[in-house]
Ligand SMILES: Cc1cc2nc3c(=O)[nH]c(=O)nc-3n(C[C@H](O)[C@H](O)[C@H](O)COP(=O)(O)OP(=O)(O)OC[C@H]3O[C@@H](n4cnc5c(N)ncnc54)[C@H](O)[C@@H]3O)c2cc1C
Ligand code: FES
């Protein structure tokens, strides 16, 4: 069920020039949140930003009643969010959309591929899979090392590989060229820039591997009402906010055939 709550920022971390993370605490009981679901954040005190901004759930701590966000500063809304400090309030509508499938066999060989801000939902996904004794391979890609901000957070949950375009960290090249990308897997989860996800989807389809991708189309209402986030799938037009953001690539054949 969707809820609207005021959260208090209990931790704020600046992660290089472009990223910051927020840990948000709610006083009441939070609804269950699935990995891959997102929140719509109200950007307060900013006249230029009328619409809420969609941000993935980066982590959830049910015991502490907290939810974390990892945000890349790209425009006026995220710039305003970056000025918030501990103790400030943030209003969220959540949990939104359909997340990743986590009901998989405990012996599944899992690959996660994240690029840019698309690495955000993969942390909570890896945490949930780890609670099922699944240890994924997690490949994170970015142009340069400073744009892969939270590598160490993933390390308790899987085997982490890095690919940077400039070779400043890990493998030099794109994430789909990383040596671990071509290994055998039962399922691949991916979130990041569309060209990266298309390459992941194409390779998964060619190798017969089940694959889910999380789309980051521009959104407005986040609730399936305005149709501004619609994407073309093999099953017709779908609202990314309501019917996604996670889609199985079996309905995205236009991406790779
Ligand atoms: C389901 C979903 C989950 C997301 N999760 C995260 C997350 O966890 N962390 C994160 O940092 N970002 C995430 N995003 C992207 C984030 O919503 C946008 O970066 C943000 O809305 C930009 O707002 P702004 O006001 O700062 O930028 P604006 O001033 O509105 O725009 C600045 C620039 O960013 C581009 N832009 C705006 N929205 C998007 C978008 N959705 N995708 C690509 N480019 C965009 C615009 O075209 C423009 O060039 C997610 C998006 C979706 C749809
Ligand atoms: S954002 Fe309004 S329908 Fe998806």
(request) With the checklist (1) within 16 Å of ligand 2 (Cβ to nearest atom); (2) part of a strand (DSSP E or B) in hand, flag the one item residue 213 doesn't pass. (result) (1)
(message) Suppose we keep only residues that are surrounded by 13 or more Cβ atoms within 10 Å (Cβ to Cβ) and within 15 Å of residue 21 (Cα to Cα) within the range 62-76. Which one would you say is farthest from ligand 2 (Cβ to nearest atom)?
(response) 66
(request) Return yes when residue 234 is away from ligand 2 (no atom under 16 Å from the Cβ) and free of Cβ contacts under 8 Å to residues at least 24 places away in the same chain and no when it is not. (result) yes
(request) Can you give me the ranges of the strands (runs of 3 or more DSSP E) entirely in the range 33-101 with at least 2 residues that are in contact (Cβ under 8 Å) with a residue 60 or more places away in the chain, within 17 Å of residue 126 (Cβ to Cβ) and more than 9 Å from ligand 1 (Cβ to nearest atom)? (result) 59-61
(request) Taking residue 170 as meeting all but one of (1) more than 20 Å from the chain's Cα centre (by Cα); (2) away from ligand 1 (no atom under 16 Å from the Cβ); (3) closer than 26 Å to residue 95 by Cβ, write down the number of the exception. (result) (3)
(request) From 54, 35, grab the single residue that is within 16 Å of ligand 2 (Cβ to nearest atom), modelled with pLDDT of 95 or more and under 27 Å from residue 240 (Cα atoms). (result) 54
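The values are calculated or read from the model by the stated rules, or taken from the named source; none is laboratory data. Fair warning: this is a prediction, and the values are worked out from it, not measured in the lab. Positions of Cβ are generated from backbone atoms using ideal geometry, with glycine treated the same way; all protein chains shown enter the neighbour counts.
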